[in-house]
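**Q** Once you've had a glance at the structure underneath, I'll fire off some questions.
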Amino acid sequence: MRLMSPMDSIWLLLESPDTPMHFGTLMIFSPPAGSPGDFVETLVGRMRSARDVRAPWNQRLASGPFGQRLPALREDPHIDVDHHFRYLAVPPPGGRRELMDVVCRLHSRPLDFDRPLWECHLIGGLEDDRFAIYTKIHHGLLDGGSASRLLFGMLSRSHRTRNMVPMWAIAPPEQSNNAPNDQLRTQRPSRFRASVQSLGSLLAGSLAVPYTDPPNILREGLTAPRDISFREFDLAQFKYVAKLADCTVNDLVLYVCSSALRRFLEERSCLPDRPLTVAVPVNLRSAGDERLGNALAQLYVNLATNVADPIDRLQAIKRSVAAAKTQLEAVPERARMLQTLAVTAPYMLGMVAGLGGHAPAPYSLNISNVPGPPAPLYFNGARMESLVPLSFLMHGGALIVICTSYAGKLVLAITAAREQLPEFDDIGDHLDDAFEEISRLFTETETAR
């Protein structure tokens with residue numbers, strides 16, 4: 001039996017019918033060339049026959065020494081694979097709309113706390129004989145980075161590999177005891193200097209301050225139905241524009257999301273005159289740290305949604321990101337996760353107390369970056385064509401964006417509260433428009449030189 005950490009336990013306490021705390025991954029596959037017509041059915045049978053369930057997929061909740069307030073995980077030798085793995089088919093014509101309708105329905109349902117906190121669905125009936133695998137995993141069991149490592153462990157870089165088993169039948173990697181990662185260690189200033197710089201950024205307005213966002217339609221209480229959309233961009237083009245703009249790819253992602261959100265709010269005549277704040281999670285694990293569980297801090301960034309000029313908006317975001325990094329550098333490495341817990345404590349306590357949308361929200365939305373595989377991956381010869389990360393929502397945050405990369409593509413996946421943002425599909429279109437606009441501005445500037 002393994003006692004859960006306070007950080008892991010928080011996600012269990014935050015669970016409610018309207019705010020299930022699981023995240024998901026959608027992988028869309030094309031079958032191998034020349035594969036038989038029953039390829040998907042045969043694959044389903046092989047996956048269903050994998051009954052040797054390994055950790056952490058065989059771990060279920062148990063009372064710890066402090067009861068349910070700080071629970072534990074214990075291994076269960078009798079896992080009902082048929083409950084956790086299911087097969088279903090989308091209705092004709094099997095396009096993206098039909099697939100996303102099914103995934104939205106699955107993603108809106110909470111996990112069963114009386115069983116291990118995960119599910120895996122193989123979805124057939126897609127056009128061109130494609131199929132999809134959708135997984136959902138509770139945040140109390142794994143963080144996104146840990147789950148990605150385990151999930152990608154069932155895939156291969158070779159299209160020739162066969163007899164591959166699903167994620168729950170693979171032994172987890174050996175867990176190292178590396179110290180928490182200091183991603184900001186390279187050429188960092190002293191903590192004293194970082195503190196002084198942070199104060200200057202705060203006075204200049206670049207450093208975003210939690211709990212200061214203006215009222216807006218994202219900061220409402222939520223209901224359970226979810227909507228999901230995603231956009232794919234050429235990663236090389238994204239990097240090229242970032243280079244022209246003298247910013248990082250992450251800065252450009254924040255800009256594209258900010259611009260799309262600004263237009264969405266402006267079209268509904270509800271754009272605040274003050275900027276919205278976004279939380280950007282930072283992984284605290286080092287590159288070789290394979291331990292499971294949550295190890296995250298957060299940057300708080302001014303999205304400059306009140307800035308009309310596109311280039312000025314990007315520059316404001318760049319300054320705010322730099323200020324947020326400097327502020328985090330001023331915090332001792334081992335205290336960075338504690339700082340995040342301290343900042344979000346009033347909000348979390350409000351959620352646990354059942355205040356829902358009435359609890360003070362420290363920011364308006366979350367934009368996460370989860371690195372993906374650079375090369376194509378395969379499952380029993382089927383090529384993974386698209387990788388779509390999905391997230392959970394909390395009261396006061398009706399929208400979340402997850403950024404990932406895969407095989408030369410940059411993916412922006414949006415999870416939204418359907419009843420709070422009924423026209424949220426427009427945001428996806430605005431993402432395309434925002435990237436096209438900033439690309440054109442900097443390309444024209446480069447051509448004119």
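The values are calculated or read from the model by the stated rules, or taken from the named source; none is laboratory data. For clarity, every value in this text was computed on a predicted model and none was experimentally measured. Neighbour counts are summed over all protein chains in view; Cβ atoms, including those assigned to glycine, are modelled from backbone coordinates with ideal geometry.
**Q** Would you check if E267 is more than 18 Å from V401 (Cβ to Cβ), at pLDDT below 95 and not hydroxyl-bearing (S, T, Y)?
**A** no
**Q** A further question follows. I'd like to know if the stretch 337-357 contains one or more residues that are over 24 Å from M394 (Cα atoms), assigned by TED's automatic domain parsing to the domain that holds L222 and surrounded by fewer than 21 Cβ atoms within 10 Å (Cβ to Cβ).
**A** no
**Q** Could you grab the pairs with beta carbons closer than 6 Å, sequence gap of 6+ or different chains, first residue in the stretch 333-348 and of a type in the set (V, I, T), second one surrounded by 16 or more Cβ atoms within 10 Å (Cβ to Cβ) and not in a helix (DSSP H, G or I)?
**A** What qualifies is T340/A297; T340/Q298; V343/P210; T344/P362.
**Q** Being at pLDDT 90 or above and hydrophobic (A, V, I, L, M, F, W, C) is the filter here, so list the residues in the stretch 352-375 that pass it.
**A** Once the filter is applied, which keeps residues that are at pLDDT 90 or above and hydrophobic (A, V, I, L, M, F, W, C), the stretch 352-375 yields A361, L365, I367, A375.
**Q** How many residues are modelled with pLDDT under 95 and either under 22 Å from L377 (Cα atoms) or in a loop (DSSP other than H, G, I, E, B) (or both) when one looks only at the stretch 164-193?
**A** 20
**Q** Just name the residue that is surrounded by the most Cβ atoms within 10 Å (Cβ to Cβ) out of those in the stretch 239-281 that are of a type in the set (S, T, Y) and more than 23 Å from G144 (Cβ to Cβ).
**A** Selected residue: S259.
**Q** Taking into account only those residues within the stretch 398-449 that are small (G, A, S) and part of a helix (DSSP H, G or I), which is surrounded by the most Cβ atoms within 10 Å (Cβ to Cβ)?
**A** Going through the qualifying residues, I end up with A434.
**Q** Another question, then. Kindly check whether there is at least one residue in the stretch 31-44 that is buried (at least 17 other Cβ atoms within 10 Å of the Cβ), at pLDDT 95 or above, touching a helix residue (DSSP H, G or I) at 6+ places or on another chain (Cβ under 6 Å) and not acidic (D, E).
**A** Yes, the stretch 31-44 contains at least one residue that is buried (at least 17 other Cβ atoms within 10 Å of the Cβ), at pLDDT 95 or above, touching a helix residue (DSSP H, G or I) at 6+ places or on another chain (Cβ under 6 Å) and not acidic (D, E).
**Q** Just to verify a result, which residue in the stretch 96-133, among those that are of a type in the set (V, I, T) and without any contact (Cβ under 8 Å) to a residue 40 or more places away in the chain, is farthest from A55 (Cα to Cα)? Walk me through it before giving the result.
**A** Residues of the stretch 96-133 of a type in the set (V, I, T): 102-103, 123, 133.
Of the ones still in play, those that are also without any contact (Cβ under 8 Å) to a residue 40 or more places away in the chain are 102, 123.
Working: V102: 28, I123: 25 Å.
Of everything passing the filter in the stretch 96-133, V102 is farthest from A55 (Cα to Cα).
**Q** If I filter the stretch 144-154 for residues that are closer than 16 Å to R48 by Cβ, touching a helix residue (DSSP H, G or I) at 6+ places or on another chain (Cβ under 6 Å) and part of a loop (DSSP other than H, G, I, E, B), do I get at least one hit? Spell out how you get there, then give the answer.
**A** Let us first name the residues in the stretch 144-154 that are closer than 16 Å to R48 by Cβ, namely 154.
Within this subset, residues satisfying the condition of being touching a helix residue (DSSP H, G or I) at 6+ places or on another chain (Cβ under 6 Å) are 154.
This time we only want the ones that are part of a loop (DSSP other than H, G, I, E, B), so: 154.
Looking through the stretch 144-154, at least one residue is closer than 16 Å to R48 by Cβ, touching a helix residue (DSSP H, G or I) at 6+ places or on another chain (Cβ under 6 Å) and part of a loop (DSSP other than H, G, I, E, B).
**Q** If you don't mind, there's one more thing I want to ask. Out of everything in the stretch 8-30 that is farther than 19 Å from L155 by Cβ and small (G, A, S), what residue ends up being modelled with the highest pLDDT?
**A** So, considering only residues that are farther than 19 Å from L155 by Cβ and small (G, A, S), the one modelled with the highest pLDDT is S16.
**Q** For the stretch 338-367, name all the residues that are among the aromatic types (F, W, Y) and assigned to a helix (DSSP H, G or I).
**A** Y347 - this is the single residue of the stretch 338-367 that is among the aromatic types (F, W, Y) and assigned to a helix (DSSP H, G or I).
**Q** Sort through A308, A345, A330 and tell me the only one that's more than 25 Å from L271 (Cβ to Cβ) and over 22 Å from the mean Cα position of the chain (by Cα).
**A** It is A330.
**Q** Given (1) farther than 21 Å from F392 by Cα; (2) of a type in the set (S, T, N, Q); (3) crowded, with 20+ Cβ neighbours inside 10 Å, identify the lone condition not met by T19.
**A** Condition not satisfied by T19: (1).
**Q** Now for a separate question. Give the residue that is farthest from Q315 (Cα to Cα), with candidates limited to residues of the stretch 426-447 that are touching a residue at least 60 places away in the same chain (Cβ under 8 Å) and β-branched (V, I, T).
**A** I427
**Q** Does the stretch 368-386 contain any residue that is assigned to a strand (DSSP E or B) and aromatic (F, W, Y)?
**A** Looking only at the stretch 368-386, we keep the residues that are assigned to a strand (DSSP E or B), and these are 368-369, 378-379, 382-386.
Subset that is aromatic (F, W, Y): 378-379.
The answer is yes, given that some residue of the stretch 368-386 is assigned to a strand (DSSP E or B) and aromatic (F, W, Y).
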